[in-house]
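Each remark here refers to the structure printed beneath this line.
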Amino acid sequence: MSLNNPSSAPQADSDSATPPVRPDTPCVAVCSTTFDEICRGCGRTVVEVATWVVMDDAAKELVWKRILAQGYPRRNG
């Protein structure tokens with residue numbers, strides 16, 4: 001193993017990495033649930049919005065992953 005060979009350096013395991021730093025809430029102040037139970041601004045359900053402050057970090061992270069995968073939060077409505 002050569003000290004000058006970068007490929008021999010240990011690689012970080014992405015699964016053990018710390019979770020990304022996120023804002024306290026996905027809310028973007030574009031609140032609208034006119035046609036269904038999903039906010040058009042942040043992508044959370046009405047229940048998720050109402051219970052956000054009491055959710056633990058793991059539950060919030062699951063919501064964040066889902067809404068980001070769905071293209072939320074939308075800052076332009």
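Nothing in this text is a laboratory measurement; each read-out follows from the coordinates by a stated rule. Because the structure is predicted, anything quoted here is derived from the model rather than measured. Cβ sites come from the backbone with ideal geometry, for glycine too, and all protein chains shown count toward neighbours.
Once both labels are positioned 7 Å from their Cα atoms along Cα-to-Cβ, the gap between ASP57 and GLN70 label points is 2.5 nm.
Electrostatic bookkeeping for GLY41 treats Lys and Arg as +1 and Asp and Glu as -1; over the other residues with beta carbon under 13 Å from its beta carbon, the sum is +3. Checking every one of the chymotrypsin sites (Phe, Trp or Tyr not before Pro) in the stretch 24-77 against DSSP loop status and a limit of 13 other Cβ atoms within 10 Å picks out PHE35.
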